[in-house]
Amino acid sequence: MVVDGSDGYKNGQQIAAYIEGANNGHWDPDILSAAVRFLQNNIIGLGVATEEQKKNREEKAKAAAAKQRAEQIDANNKAVLANWLRNECPTGLLVNGTLYPSTLDKIIAYLDKNHSNNSGEMMLTPAMLSAAVTTLSNSLDWFSSKPEDHVLRNQPAPPSREEVLRSRLSDKALQDAGMKPRRLRGHENDNKLKDPSKEIQAFTRRELERRGVRDPFQERLESLCVMGFGRVDAGKTAQVRAIRVMKDGQVDWEASFRKADQLATQFENQKNRRANG
């Protein structure tokens, strides 16, 4: 132990006070050693760290933490990359189960630019790799011209039209459409609960009509024809096309089409029997 300056002066004061109290100020090497052993927990450089020792300990602790984090990030990134190559990477980019070197360099450069933090760290995710491939697609090395080999594998299904509509509507619009319950102050204003699936279907139908998109069963119904003796029977055709099946105050086009198609078949069978009779 070697200390100097103010730390050495403080240590000397502690030792001198101990010798003064324990040996009336008389000392020799043995007494001095005994004093140091007795006070070691309070002596700077032994029991109490010097500023330099504190600084060295802090630096070592930071270095150890940084090393541990770097190892964790490296392990994560290797595992994520291996899993992504195995399950999600387009097969057209793979050469013996891995990426061509120039392709890998481009993806790494993209990730480093867009996802590294100020310390140069990057915790990789499958979504980051997929986004890199999508963005850099035209500049990567493809080893297949098949369209299906250029597509990311095992991706979640795109949202349905109803999910897209719900995501674009405000809370008020959702509440007005019966797709989201209103917050009630009390039960005195409670109304009959609505069936969410029916309300979504009705709202979707109104949105499609507003945008000019017709129900496919409506189009099939309006294109039905009743044939007889080699020509269209205008009267029976009009009768068939006029059929409407109502459900919850709305036209159920699928049920309407199926009923109309059944009636049209009956009309044609009757005509065929008369013609063959």
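Data for the structure
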read-out: Condition broken by Glu88, with the remaining ones in (1) surrounded by fewer than 16 Cβ atoms within 10 Å (Cβ to Cβ); (2) under 21 Å from the mean Cα position of the chain (by Cα); (3) among the charged types (D, E, K, R) satisfied; value: (1)
read-out: Subset of segment 121-146 (residues that are among the small types (Gly, Ala, Ser) and open to solvent by 50 Å² or more (accessible area, probe 1.4 Å)); value: Ala127, Ser139, Ser145
read-out: Number of positions in segment 106-164 that are closer than 17 Å to Ile73 by Cα and either in contact with an Asp or Glu (Cβ under 9 Å, 6 or more places away or on another chain) or not in a helix (DSSP H, G or I) (or both); value: 12
read-out: Any hit, segment 50-73, residues being closer than 30 Å to Lys10 by Cβ and not in a helix (DSSP H, G or I); value: yes
read-out: Cβ pairs under 8 Å, 6+ apart, first in segment 109-135 and of a type in the set (Ser, Thr, Tyr), second in a helix (DSSP H, G or I) and open to solvent by 60 Å² or more (accessible area, probe 1.4 Å); value: Tyr110/Thr135
read-out: Only one of Asp195, Asp248 that is on the phi > 0 side of the Ramachandran plot and either surrounded by 13 or more Cβ atoms within 10 Å (Cβ to Cβ) or modelled with pLDDT of 65 or more (or both); value: Asp248
read-out: Criterion: out of contact with any Pro (no Cβ under 6 Å at 6 or more places or on another chain), more than 22 Å from Pro216 (Cα to Cα) and of a type in the set (S, T, N, Q) - qualifying residue of Gln250, Gln262, Gln266; value: Gln266
read-out: Scan of segment 95-114 for residues that are in contact with a Leu (Cβ under 8 Å, 6 or more places away or on another chain) and either farther than 12 Å from Leu85 by Cβ or surrounded by 11 or more Cβ atoms within 10 Å (Cβ to Cβ) (or both), ordered by number; value: Thr98, Leu99, Tyr100, Thr103, Lys106, Ile107, Tyr110, Leu111
read-out: Extreme residue, surrounded by the fewest Cβ atoms within 10 Å (Cβ to Cβ), among residues of segment 228-245 that are among the hydrophobic types (A, V, I, L, M, F, W, C) and under 48 Å from the mean Cα position of the chain (by Cα); value: Val245
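The values are calculated or read from the model by the stated rules, or taken from the named source; none is laboratory data. These numbers come from a predicted model, not from an experiment. Every residue, glycine as well, gets a Cβ built from its backbone with ideal geometry; the counts of neighbours run over all protein chains shown. Surface areas here come from the heavy atoms of the whole protein model, side chains and all, with no ligands, DNA or RNA. Shrake-Rupley method; radii C 1.70, N 1.55, O 1.52, S 1.80 Å.
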